[in-house]
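Below is one structure, written out as structure tokens; the observations come after it.
The values are calculated or read from the model by the stated rules, or taken from the named source; none is laboratory data. The structure presented is a predicted model; accordingly, all values stated were derived computationally and were not measured. Cβ sites come from the backbone with ideal geometry, for glycine too, and all protein chains shown count toward neighbours.
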């Protein structure tokens, strides 16, 4: 299978090739810039020291920035389960979108169609496990919000790209904003750790602040209708369902 892409190589990558068995993750990002052209410039300018392997434009066109077997600079400081600095183990895909800072918007149908084609190709080529398809905010919750709550994780999961729960809407709504006790909160945070979110609290950040950001990242991924950084019954049952689907 061949994916049609436009080449616009970035100088921002490590020169040593990696073995393809090292590639374990797909990481999705949004560009977070006002103009698509500015995002492309940033990802291809040596001064920026950032890059990704691919960028998907608003019109669905796929740009190859860094060949797969080279380590691009897209994840930064990041942790997932026993992995840290996920650049070494991942392929990064940027999707053109102004992001939360500049008028966050829905991703276009053309973008998502191209993302599905590209992701399926990479999943098959590198035998990437469905549970290892993540957003930047999953692996860096204290720093990042992308790809955000408008990213169609539920739809992608139907195409076997990333995890989603299989709970009915009525069950979710009936549990939304219902309070949890201390014991249930501990269960939820333990569930997040089992799913893959890091417990490691960054320096100069309080425990409460960090876990609020982790909860927010979880909600942007799995409970997109309500992002408040608080643990309720809905979040708890979603976390239990995700863990069940991981087995």
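Picking from 215, 231, 227, 195, which residue would you name as being over 21 Å from residue 162 (Cβ atoms) and either modelled with pLDDT under 95 or touching a helix residue (DSSP H, G or I) at 6+ places or on another chain (Cβ under 8 Å) (or both)? Lay out the reasoning, then the answer.
Details: 215 fails: over 21 Å from residue 162 (Cβ atoms); 227 fails: over 21 Å from residue 162 (Cβ atoms); 195 fails: over 21 Å from residue 162 (Cβ atoms).
Going through 215, 231, 227, 195 in turn, just one is over 21 Å from residue 162 (Cβ atoms) and either modelled with pLDDT under 95 or touching a helix residue (DSSP H, G or I) at 6+ places or on another chain (Cβ under 8 Å) (or both): 231.
Condition check: assigned by TED's automatic domain parsing to the domain that holds residue 103, out of contact with any helix residue (DSSP H, G or I) (no Cβ under 7 Å at 6 or more places or on another chain) and buried (at least 20 other Cβ atoms within 10 Å of the Cβ). Does residue 43 satisfy that?
Working: assigned by TED's automatic domain parsing to the domain that holds residue 103: yes; out of contact with any helix residue (DSSP H, G or I) (no Cβ under 7 Å at 6 or more places or on another chain): yes; buried (at least 20 other Cβ atoms within 10 Å of the Cβ): yes.
Against the criterion (assigned by TED's automatic domain parsing to the domain that holds residue 103, out of contact with any helix residue (DSSP H, G or I) (no Cβ under 7 Å at 6 or more places or on another chain) and buried (at least 20 other Cβ atoms within 10 Å of the Cβ)), residue 43 qualifies.
Of 133, 161, 139, 170, which residue is modelled with pLDDT of 95 or more, touching a strand residue (DSSP E or B) at 6+ places or on another chain (Cβ under 8 Å) and over 18 Å from residue 218 (Cβ atoms)?
161
Check 203, 173, 185 and return the single one that is farther than 23 Å from residue 79 by Cβ and either assigned to a helix (DSSP H, G or I) or without any contact (Cβ under 8 Å) to a residue 24 or more places away in the chain (or both).
Values: 203 fails: farther than 23 Å from residue 79 by Cβ; 185 fails: farther than 23 Å from residue 79 by Cβ.
The match here is 173.
Please work out which one of (1) closer than 21 Å to residue 197 by Cβ; (2) not in a helix (DSSP H, G or I) is the condition residue 156 fails and give its number.
Residue 156 satisfies every listed condition except (2).
Of the conditions (1) over 12 Å from the mean Cα position of the chain (by Cα); (2) surrounded by 18 or more Cβ atoms within 10 Å (Cβ to Cβ), residue 135 satisfies every one except a single condition; which number is it?
Condition (1) is where residue 135 drops out.
Can you report the number of residues in region 59-88 which are touching a strand residue (DSSP E or B) at 6+ places or on another chain (Cβ under 9 Å) and outside any helix (DSSP H, G or I)? Steps first, answer last, please.
Taking region 59-88 first, the residues touching a strand residue (DSSP E or B) at 6+ places or on another chain (Cβ under 9 Å) are 61-68, 70-75, 77-78, 80, 83, 85-87.
Of the ones still in play, those that are also outside any helix (DSSP H, G or I) are 61-68, 70-75, 77-78, 80, 83, 85.
Going through region 59-88 one residue at a time, the tally reaches 19.
Would you confirm whether or not region 105-119 contains a residue that is within 23 Å of residue 197 (Cβ to Cβ), surrounded by fewer than 19 Cβ atoms within 10 Å (Cβ to Cβ), in the same structural domain as residue 27 (by TED's automatic domain parsing) and out of contact with any helix residue (DSSP H, G or I) (no Cβ under 9 Å at 6 or more places or on another chain)?
Checking region 105-119: not a single residue is within 23 Å of residue 197 (Cβ to Cβ), surrounded by fewer than 19 Cβ atoms within 10 Å (Cβ to Cβ), in the same structural domain as residue 27 (by TED's automatic domain parsing) and out of contact with any helix residue (DSSP H, G or I) (no Cβ under 9 Å at 6 or more places or on another chain).
Could you say which residue among 74, 89, 85, 100 is touching a helix residue (DSSP H, G or I) at 6+ places or on another chain (Cβ under 8 Å), surrounded by fewer than 24 Cβ atoms within 10 Å (Cβ to Cβ) and not assigned by TED's automatic domain parsing to the domain that holds residue 225?
Numbers: 74 fails: surrounded by fewer than 24 Cβ atoms within 10 Å (Cβ to Cβ); 85 fails: touching a helix residue (DSSP H, G or I) at 6+ places or on another chain (Cβ under 8 Å); 100 fails: touching a helix residue (DSSP H, G or I) at 6+ places or on another chain (Cβ under 8 Å).
Matching residue, one of 74, 89, 85, 100: 89.
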